[in-house]
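*Asks:* Take a look at the following structure, please.
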Amino acid sequence: MAEKYRLEDIRQEYLLKELTEEQADKDALGQFNKWLEEALISEIAEPTAMTLATATKNGTPSARIVLLKHADANGFQFYTNYDSRKGNELEQNPKAALLFFWPDLQRQVRIEGVVKKLNPSVSDHYFNSRPVGSRLGAIASPQSKIISGRKELEERLVQVKEEHTDKDIERPAYWGGYLLIPDYFEFWQGRENRLHDRITYILDGTGWVMNRLAP
Ligand SMILES: Cc1cc2nc3c(=O)[nH]c(=O)nc-3n(C[C@H](O)[C@H](O)[C@H](O)COP(=O)(O)O)c2cc1C
């Protein structure tokens, strides 16, 4: 790598904002919505992109980005192929973590919980709202499977298009939504001298309990 890219010299100052206990919403979802709205207003790239970490039954982890499609008191929704690697891992082990990194705001949000499949009618509703190309692509792609080459994928798409020339493009059973039901949140705000703010929320019997962690 070129000498000018000395990784050990790459560092950022975090001076933009703070997160105090007084500023933090008493409700974890309220706090998330506040930060998500600020990310949306800031027009940063991909504000709804989140890393989804899953693991096999024996704890081998894997992570990838998916898009948040809805968040409310019930949980965090995302859509994917149920037969994908993540889908298989969630089948074996429903515990998962989400991570948002909003670098322009010097913020990170960590969310942990249990994942379940969304009701088919909710998945249908979202699938039907997607552009035609995305719907056909979701049907055509055997996500996470080894394929012979790009050509195979393009041929599959042609075939799926042909099959749907005068037929509704319905959601295939292998594609749909998941809901992560959170029991833990951490809101990280970068601060001066690496003394970052870390406010956590843990669900106990009656509601969210807030704590501060050392950075
Ligand atoms: C910005 C971005 C958004 C993405 N959104 C999704 C998504 O919403 N759903 C999805 O299945 N894959 C999405 N992907 C692709 C996944 O990261 C991943 O490649 C794919 O889901 C297969 O993962 P798996 O083999 O671990 O199951 C996205 C990738 C990026 C970079």
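The values are calculated or read from the model by the stated rules, or taken from the named source; none is laboratory data. These numbers were taken from a predicted model, which means no experiment stands behind them. Neighbour counts run over all protein chains shown; Cβ positions are idealised from the backbone, glycine included. Protein only, heavy atoms only, side chains kept; ligands, DNA and RNA dropped before computing areas. Shrake-Rupley method; radii C 1.70, N 1.55, O 1.52, S 1.80 Å.
*Asks:* Where does the charge balance sit around Ile44 when Lys and Arg score +1, Asp and Glu -1, over other residues with C-beta under 13 Å from its C-beta? Write down the numbers at each step before the final one.
*Replies:* On the way: positive: Arg107; negative: Glu37, Glu38, Glu43, Glu46, Asp104.
Result for the neighbourhood of Ile44: -4.
*Asks:* Go through Tyr178, Tyr79 and list them by solvent-accessible area, largest first, probe radius 1.4 Å.
*Replies:* So the residues, ranked largest to smallest area, are Tyr79, Tyr178.
*Asks:* Within the set of other residues whose C-beta is less than 14 Å from the C-beta of Leu118, count the net charge using Lys and Arg as +1 and Asp and Glu as -1.
*Replies:* Values: positive: Lys69, Lys116, Lys117, Arg171; negative: Asp72, Asp124.
Residues near Leu118 contribute +2 overall.
*Asks:* Mark the label point 7 Å from the Cα of Asp72 along Cα→Cβ and return the residues of the range 98-134 whose backbone N is within less than 18 Å of it.
*Replies:* Taking a point 7 Å out along Cα→Cβ of Asp72, the residues of the range 98-134 whose backbone N falls under 18 Å are 116-129.
*Asks:* Turning to a different aspect of this structure: Placing +1 at every Lys and Arg Cβ and -1 at every Asp and Glu Cβ, with all other atoms neutral, what dipole size does the chain have around its Cα centre, in debye to the nearest 20?
*Replies:* Numbers: 29 positive and 33 negative charges, 125 e Å.
In total the dipole reaches around 600 debye.
*Asks:* With contacts defined as alpha carbon pairs under 8 Å and 6 or more residues apart, what's the relative contact order of the chain in percent? Mind dumping the intermediate values first?
*Replies:* On the way: 359 pairs, mean separation 53.7, N = 215.
Value for the chain: 25 percent.
*Asks:* Divide by every residue of the chain the summed helix terms, -39500 (n - 2.57) for each DSSP H run of at least 4, and state the resulting mean residue ellipticity at 222 nm, rounded to the nearest 500 deg cm²/dmol. Working shown, then result.
*Replies:* Values: 5 runs with 55 residues, N = 215.
Value at 222 nm, helices only: -7500 deg cm²/dmol.
*Asks:* In whole angstrom, how long is each semi-axis of the equivalent ellipsoid of the range 2-120, when you take the square root of 5 times every eigenvalue of its Cα gyration tensor and sort them from largest down? Don't skip to the end; give the middle numbers.
*Replies:* Numbers: eigenvalues 153, 94, 35 Å².
Taking √(5λ) for each eigenvalue gives 28, 22, 13 Å, largest first.
*Asks:* Can you give the local net charge around Val66? Use residues other than it whose beta-carbon is closer than 14 angstrom to its beta-carbon, Lys and Arg +1, Asp and Glu -1. Mind dumping the intermediate values first?
*Replies:* Working: positive: Arg64, Lys69, Arg85, Lys86; negative: Glu46, Glu89.
Its environment carries a net charge of +2.
*Asks:* With charges set only on the Cβ (+1 for Lys and Arg, -1 for Asp and Glu), what does the dipole of the range 143-199 come to about its Cα centre, in debye to the nearest 20? Mind showing how you got there, number by number?
*Replies:* Working: 10 positive and 12 negative charges, 62 e Å.
The calculated dipole for the range 143-199 is roughly 300 debye.
*Asks:* Here's a follow-up. Percent relative contact order of the range 112-215, based on C-alpha pairs within less than 8 angstrom and at least six residues apart? Before the final figure, lay out each step's value.
*Replies:* Numbers: 123 pairs, mean separation 31.2, N = 104.
Across the range 112-215, relative contact order equals 30 percent.
*Asks:* Hey, another quick one. Return the loop-located chymotrypsin sites (Phe, Trp or Tyr not before Pro) in the range 1-46 (DSSP other than H, G, I, E, B) with at most 10 other Cβ atoms within 10 Å of their own Cβ; answer none if there are none. Display every interim value, and only then the final one.
*Replies:* Working: sites: Tyr5, Tyr14, Phe32, Trp35; in loops: Tyr5, Tyr14.
Counting only loop positions with at most 10 other Cβ atoms within 10 Å, the chymotrypsin sites (Phe, Trp or Tyr not before Pro) in the range 1-46 are Tyr5.
*Asks:* Just by accessible area at a 1.4 angstrom probe, what is the order of Glu112, Glu13 from largest to smallest?
*Replies:* Descending order: Glu13, Glu112.
*Asks:* Taking a 1.4 Å probe, which of Arg150, Arg194 shows the most accessible area, and what order do the others take after it?
*Replies:* On the way: Arg150 160, Arg194 100 Å².
Putting Arg150, Arg194 in descending order of accessible area: Arg150, Arg194.
*Asks:* Right, here's the next one. Which one, His196, Val158, Ala173, is farthest towards the positive end of the dipole of the range 153-215 when Lys and Arg carry +1 and Asp and Glu -1 on their Cβ?
*Replies:* Positive-end residue among those listed: His196.
*Asks:* Determine the alpha carbon to alpha carbon distance for each of Lys69/Lys95; Lys117/Lys161; Lys69/Lys161; Lys17/Lys117 and list only those over 30 Å.
*Replies:* Where the Cα-Cα span goes over 30 Å, the pairs concerned are Lys17/Lys117.
*Asks:* About its Cα centre, what dipole magnitude does the range 62-169 give when the only charges are +1 on Lys and Arg Cβ and -1 on Asp and Glu Cβ, stated in debye to the nearest 20?
*Replies:* On the way: 17 positive and 14 negative charges, 75 e Å.
With only Lys, Arg, Asp and Glu charged at Cβ, the dipole is about 360 debye.
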